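Just so it is clear, none of the values below were taken in a lab; they were calculated from the coordinates. Given the structure is predicted, the values throughout are model-derived calculations rather than measurements. Cβ coordinates were reconstructed from backbone atoms using ideal geometry, including for glycine residues, and neighbour counts include every protein chain displayed.
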Amino acid sequence: MKRKRKFKRKKPSFAKKVIISFLGIILLFGVLLAHRLYSYVYQPNIKLNDKTEQFVFIPSNSVFSDVVRILLDEGLLMDKNSFEWVAERKNYKFNVKAGRYFINREMNNNELVNMLRSGMQVPLSLSFHNLRTKQQLAGKIAMQLETDSISIIQLINDSTFLDTNRLTKENVSSIFIPNTYEFYWNTSAKQFAERMLKEYNVFWNSERRKKAADKKLTTTEAITLAAIVESESYKKEERPIIARLYLNRLEKGMKLQSDPTIIFSIGDFSIRRVLKKDLKIDSPYNTYINKGLPPGPICLPSINSIDAVLNASDNNYLFMCAKEDFSGYHNFATTSKEHIRNAKKYRRALNKRKIMR
């Protein structure tokens with residue numbers, strides 16, 4: 001029988017050991033590098049401390065360095081370098097878009113850069129109510145949008161804008177229907193005004209326009225009258241009554257003789273008592289001197305007041321005076337004799353409370 005020969009397994013040479021070790025190091029390095037790259041791109045990189053979410057505002061004309069500074073100033077980035085690395089590779093550095101962006105603590109660099117680069121901002125709910133002047137409106141809007149109040153005032157007083165839309169400096173405020181609207185934060189003054197014109201045309205549908213025309217009012221005249229109605233009473237149930245009262249006076253060619261128009265002419269909205277000398281103030285808004293409606297709204301009337309004009313109640317009243325109990329309601333009259341009695345009662349109540357202005 002032949003003996004089987006035993007073969008000894010050769011030990012790897014030193015060179016092979018070096019190669020295997022080197023390949024192992026490369027593999028380990030590759031794994032570590034892959035993990036690092038993965039963490040750069042996909043690990044959460046937002047720090048919100050005690051908050052779970054936050055909005056960040058990127059102004060118009062910002063460059064990438066501005067974005068980084070804003071994120072750092074807000075204390076949002078845990079690792080600035082990883083954000084910059086991802087931003088560079090996704091070409092965000094040259095695609096900065098202004099806006100109001102929603103940030104949450106789970107966001108990684110990839111998600112953050114994608115959102116900022118695409119301009120995927122979150123709209124905000126913009127509201128304005130109970131405003132008297134264009135300046136107040138501009139200030140209110142500037143508090144909620146990126147645009148400033150001066151830009152808004154300049155635009156709505158611009159002759160080209162006014163002529164194009166058949167408006168005047170006095171009645172341009174009629175296009176701003178008080179409500180809550182969705183806007184992007186970086187909306188410009190021009191974009192804001194154009195949107196308000198669209199909303200105005202949506203509001204003035206065929207039904208509302210017909211109701212205004214039936215009362216021989218244009219849309220701007222209806223809003224001008226609604227502003228007087230709103231300024232006269234905050235009691236919604238009274239507004240259709242007051243609206244008809246003033247329509248009655250207009251139809252008869254009587255002066256409106258509305259105290260709120262005097263207060264608007266003076267410009268002091270803290271006045272609680274209109275004096276006889278005030279009735280002589282030289283102003284196109286003084287309805288004790290001038291017949292018809294004033295040249296524009298004395299406030300931005302609510303939708304409720306506009307609809308009160310369009311759906312005015314049926315009455316024959318020609319006069320009104322605040323009730324002497326200061327309830328906010330009014331005494332209405334069809335004759336001047338009855339009105340004089342009501343006015344005397346109210347004046348006595350003012351004197352009793354020492355309300356002289």
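Among 281, 103, sorting on how many other beta-carbon atoms sit within 10 Å of each Cβ, with the fewest leading, yields 281, 103.
Averaging the inverse of every distinct alpha carbon separation and then flipping it gives the Kirkwood radius. What is it for the stretch 124-203, in angstrom units?
Values: mean 1/r = 0.0795 Å⁻¹.
Kirkwood radius, the stretch 124-203: 12.6 Å.
The label point for residue 143 and the one for residue 336, both projected 7 Å from the Cα toward the Cβ, are 4.5 nm apart.
Which order do peptides 246-254, 169-177 fall in by mean Cβ count within 10 Å, highest first? Could the numbers behind the result be given before it?
On the way: 246-254: 15.2, 169-177: 20.6.
So the peptides 246-254, 169-177, ranked by packing, come out 169-177, 246-254.
At 222 nm, what helix-only mean residue ellipticity would the chain give, in deg cm²/dmol to the nearest 500, using -39500 (n - 2.57) for each DSSP H run of four or more? If you can, show how the numbers build up before the last one.
Numbers: 14 runs with 167 residues, N = 357.
Theoretical 222 nm ellipticity from helices: -14500 deg cm²/dmol.
Given the options 276, 216, 190, which has the most mean-square fluctuation in a GNM of the chain, springs set between C-alpha atoms less than 10 angstrom apart? Checking each option, the largest mean-square fluctuation is seen for 276. The list [x] 28.2; [y] 19.7; [z] 34.2 gives values of mean projected area of the Cα convex hull in nm², and only one came from this structure; which label was calculated from it? Checking each listed value against the structure points to [z].
Please list, by residue number, every one of the chymotrypsin sites (Phe, Trp or Tyr not before Pro) in the stretch 255-357 that is coil in DSSP and has at most 15 other beta-carbon atoms within 10 Å. Numbers along the way, then the final one.
On the way: sites: 264, 269, 285, 288, 317, 319, 326, 329, 332, 346; in loops: 269, 285, 288, 317, 326, 329.
Listed in order of number, the matching sites are 269, 326, 329.
Based on the convex hull around the alpha carbon atoms, the stretch 53-118 presents an average projected area of 3.8 nm².
Each label was represented as a point 7 Å from its Cα along the Cα-to-Cβ direction; for residue 61 and residue 89 these points are 3.4 nm apart. Just so you know, the Cα atoms of the stretch 236-290 work out to an Rg and Dmax of 12.1, 33 Å. Over all distinct Cα-Cα pairs of the stretch 206-352, the Kirkwood formula returns a hydrodynamic radius of 15.5 Å.
Beyond 30 Å in Cα-Cα separation lie the following of the pairs 190/236; 134/216; 276/352; 169/215: 190/236.
What full-extension length gain, to one decimal in nm, is calculated for residue 351 and residue 268 as 0.36 nm per residue of separation minus the Cα-Cα distance? Mind dumping the intermediate values first?
On the way: separation 83, 0.36 × 83 = 29.88 nm, distance 2.07 nm.
Computed gain between residue 351 and residue 268 is 27.8 nm.
Compared with the direct C-alpha span, the chain from residue 201 to residue 279 gains 24.5 nm at full extension, assuming 0.36 nm per residue. Here the residues 204, 85, 185, ranked from fewest to most Cβ neighbours within 10 Å of their Cβ, fall in the order 85, 204, 185.
I want the local charge near residue 299. Using Cβ-Cβ distances under 14 Å, sum +1 for each Lys or Arg and -1 for each Asp or Glu among the other residues.
On the way: positive: 132, 134, 140, 239; negative: 170, 230, 232, 259.
Counting the neighbours of residue 299, the net charge comes to 0.
Other residues within the sphere of radius under 12 Å centred on the Cβ of residue 94, judged by their own Cβ, net out at +3 (K and R +1, D and E -1). Taking other Cβ atoms within 10 Å as a rough exposure proxy, 263, 355 sort from fewest to most as 355, 263.
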